[in-house]
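Enquirer: Below are the structure tokens for one structure; questions will follow.
The values are calculated or read from the model by the stated rules, or taken from the named source; none is laboratory data. No experiment lies behind these values; they were computed from the predicted model shown. Here the Cβ is made from the backbone with ideal geometry for all residues, glycine too, and neighbour counts use every protein chain on show.
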Amino acid sequence: METDYLNALGVGAGFDTKKIVTALVNADKSSRQADIDRRTKGVDANVSGMAKLKSSLMTLQTAFKLVDDKSDFNFSKVSNSAPASLSANFDASATLPGTYKVGISQLAQNDVFQSTSYTSKTVDQNSSTAASITIQVGSGAVETVSLSAGAATLDDLVIGINALSADIHARVVETSTGNYRVIVEGPQGVSNALTITDSVFGLETSSNKIQTAQDATISVNGLSISSGTNQVNGLVPGLNLNLMATTSADVVLSVSRDTSIAKAAIIDLVAAYNTFEGVIKGLTASGSKTADEGSLKSDASVKAIRAKMRSFLTSDSSTPGTTKKNMIDIGISLQRDGTFKVDQTTLGTALTSYYSDITKIFSADTDNQTSSGTENRGTAGDLVNQIASYLAYGGLVELREASYTKTKTGLTAEQNALDKKMVAAEARYTKQFSTMSKIMDEMKSTQKYLESQLDNLPFTSKNN
């Protein structure tokens, strides 16, 4: 609630001093305040507009990052006629299209030994004397498991074998109720056959060897191959084979390029550009009415960004293909409203017949591109790098944001100065009207005194 300080001080002049002072202060402030409000509203709109522009640029950059590396176009698929016999782990970045017939005549396996059967796995099996067991994998180093007296149990033997550096695994198995054996297994393949010397647990006896190491034998498109393991890599580019069963007929692996994924990625990035175009078109609009105007309509740098982004989609790629050189060549055309349209039939045909050209157009046939250097990066790589430069410290967007922030800070300072000035003006006007009110009080008192004196003079109408 406002207080009439003059009346509170007992100074009355018959008029509303507070109202008059407020009116005078507002009159002094109005034009300057209107100017600050107008410019503040404008810079707030600029700041908001730059935030929208920055967000749309980041979204556009993300879409084009999906196709800026050559590896991004390694969209392939594999079919397998007998997945129960052969599985193929798929590496799309290295797979070459083709058909591969794989026959499996023998699986790789490892040496497996079992110990003598015992009725206890925790009792010393060597009559309280030390035990020594040596194991060699193929032509590797001979290693020794030494068990001290009282520690020649099945569990101790397993612990000692599993602690060796060679790829050997041991475990205790209960073969029937109350009967235990130690099972020892080596790696797959003939070259990894185990040689065991053991006079305590019976591991070295030939009768206790329950499986013999052997190599896998397979054929790929008629080429016979021997492998020490059932995991066969490198025979088919991009496919790691896992042999699971022998076959009576060839397993057919068919690797083909899946252009549908590349097509979807390209359609998505065009949609991302059109969204970006809609945002920036609104920000730079010059409508006949203020409400229709964009907040960045006067910012030439923003219009330059729009033109640069559009040029990536309308000009030849910095790394054109042999036949297809730009987006237009693969069915992406500019519309009158500034957006782009995808002819999906033309794009599909181009992907089928000119896949390597399209890969080069977008990615320059390179991977893991960096922002440093001046080399050509392809349409996607160039656009991604250009946006990175806009958003970087000292980049165009960052500089515009800093400029608007500086302007906003200046306006805040102007507002504070104006408010301070108006407080001083109010105090000055209040003092002036206080003085005037006192003078008028004195004049009114003098008037009453004179009137009283005049009324008491002889021969006045009142005293007649």
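Enquirer: Please go through the stretch 67-79 and pick out each residue that is at pLDDT 85 or above and touching a strand residue (DSSP E or B) at 6+ places or on another chain (Cβ under 6 Å).
Expert: V78, S79
Enquirer: Sticking with this one: Filtering the stretch 126-147 down to residues that are assigned to a loop (DSSP other than H, G, I, E, B) and in contact with a helix residue (DSSP H, G or I) (Cβ under 9 Å, 6 or more places away or on another chain), which residue is nearest to G228 (Cα to Cα)?
Expert: It comes out as G138.
Enquirer: Next question, about the same structure. Filter the stretch 103-129 for residues that are modelled with pLDDT of 95 or more, over 18 Å from E185 (Cβ atoms) and aliphatic (A, V, I, L, M) and give the result.
Expert: Passing the criteria: only I104.
Yes or no, residue by residue, for (1) more than 30 Å from the chain's Cα centre (by Cα); (2) in a loop (DSSP other than H, G, I, E, B); (3) surrounded by 19 or more Cβ atoms within 10 Å (Cβ to Cβ):
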{"position": "A51", "(1), (2), (3)": "no, no, no"}
{"position": "D72", "(1), (2), (3)": "no, no, yes"}
{"position": "K77", "(1), (2), (3)": "no, no, no"}
{"position": "T99", "(1), (2), (3)": "yes, no, no"}
{"position": "I104", "(1), (2), (3)": "yes, no, yes"}
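Enquirer: Still on this structure, please answer the following. Find all pairs meeting these conditions: Cβ atoms under 9 angstrom apart; at least six residues apart or on different chains; first residue within the stretch 394-423 and assigned by TED's automatic domain parsing to the domain that holds K303; second residue outside any helix (DSSP H, G or I).
Expert: From the stretch 394-423, the pairs are E398/A392; R400/L296; R400/D299.
Enquirer: Oh, and also: Could you say which residue among S260, S248 is outside any loop (DSSP other than H, G, I, E, B) and more than 28 Å from R306 (Cα to Cα)?
Expert: Criteria check complete, one pass: S260.
Enquirer: I need every pair where a residue in the stretch 159-183 that is in the same structural domain as Q114 (by TED's automatic domain parsing) has its Cβ under 8 Å from the Cβ of a residue that is in a loop (DSSP other than H, G, I, E, B) and of a type in the set (F, W, Y), sequence separation at least 6 or different chains.
Expert: Final answer for the pair search is V182/F201.
Enquirer: If T153 meets every condition in (1) touching a residue at least 24 places away in the same chain (Cβ under 8 Å); (2) more than 30 Å from S87 (Cβ to Cβ); (3) surrounded by fewer than 17 Cβ atoms within 10 Å (Cβ to Cβ) apart from one, which number is that one?
Expert: The one condition T153 does not meet is (3).
Enquirer: Of the numbered conditions (1) within 30 Å of R310 (Cβ to Cβ); (2) at pLDDT below 75, L391 fails exactly one; give the number of that condition.
Expert: With respect to (1) within 30 Å of R310 (Cβ to Cβ); (2) at pLDDT below 75, L391 is out only on (2).
Enquirer: Against the conditions (1) part of a strand (DSSP E or B); (2) over 44 Å from the mean Cα position of the chain (by Cα), where does I159 fall short? Just the number, please.
Expert: (1)
Enquirer: While we're here: Out of A63, A45, A23, A34, which single residue is within 22 Å of the chain's Cα centre (by Cα), in a helix (DSSP H, G or I) and either assigned by TED's automatic domain parsing to the domain that holds P187 or over 30 Å from G228 (Cα atoms) (or both)?
Expert: Result: A63 is the single residue among A63, A45, A23, A34 that is within 22 Å of the chain's Cα centre (by Cα), in a helix (DSSP H, G or I) and either assigned by TED's automatic domain parsing to the domain that holds P187 or over 30 Å from G228 (Cα atoms) (or both).
Enquirer: What is the number of the single condition among (1) touching a Pro at 6+ places or on another chain (Cβ under 9 Å); (2) over 16 Å from F73 (Cα atoms) that V255 does not meet?
Expert: Single failed check for V255: (2).
Enquirer: Would you mention how many residues in the stretch 204-243 are over 21 Å from A193 (Cα atoms) and surrounded by 13 or more Cβ atoms within 10 Å (Cβ to Cβ)?
Expert: Of the residues in that region, 12 qualify.
Enquirer: Give me the pairs: first residue in the stretch 370-381 and among the polar types (S, T, N, Q) and at pLDDT 70 or above, second residue surrounded by 11 or more Cβ atoms within 10 Å (Cβ to Cβ) and not in a helix (DSSP H, G or I), beta-carbon distance under 6 Å, and six or more apart or on different chains, which are they?
Expert: Pairs found: N376/S318; N376/T319; N376/A364; T379/S317.
Enquirer: Of all residues being assigned to a loop (DSSP other than H, G, I, E, B) and either more than 27 Å from R257 (Cα to Cα) or of a type in the set (D, E) (or both) in the stretch 205-229, which is modelled with the lowest pLDDT? Just the residue, please.
Expert: Result: T205.
Enquirer: Taking the stretch 284-300 as the search range and keeping residues that are surrounded by fewer than 17 Cβ atoms within 10 Å (Cβ to Cβ), polar (S, T, N, Q) and within 16 Å of A45 (Cα to Cα), which one is modelled with the lowest pLDDT?
Expert: By that ranking, first place goes to T290.
Enquirer: Now, a different point. Here is a check on your reading of the model: is D316 of a type in the set (D, E, K, R), without any contact (Cβ under 8 Å) to a residue 24 or more places away in the chain and in contact with a strand residue (DSSP E or B) (Cβ under 8 Å, 6 or more places away or on another chain)?
Expert: no
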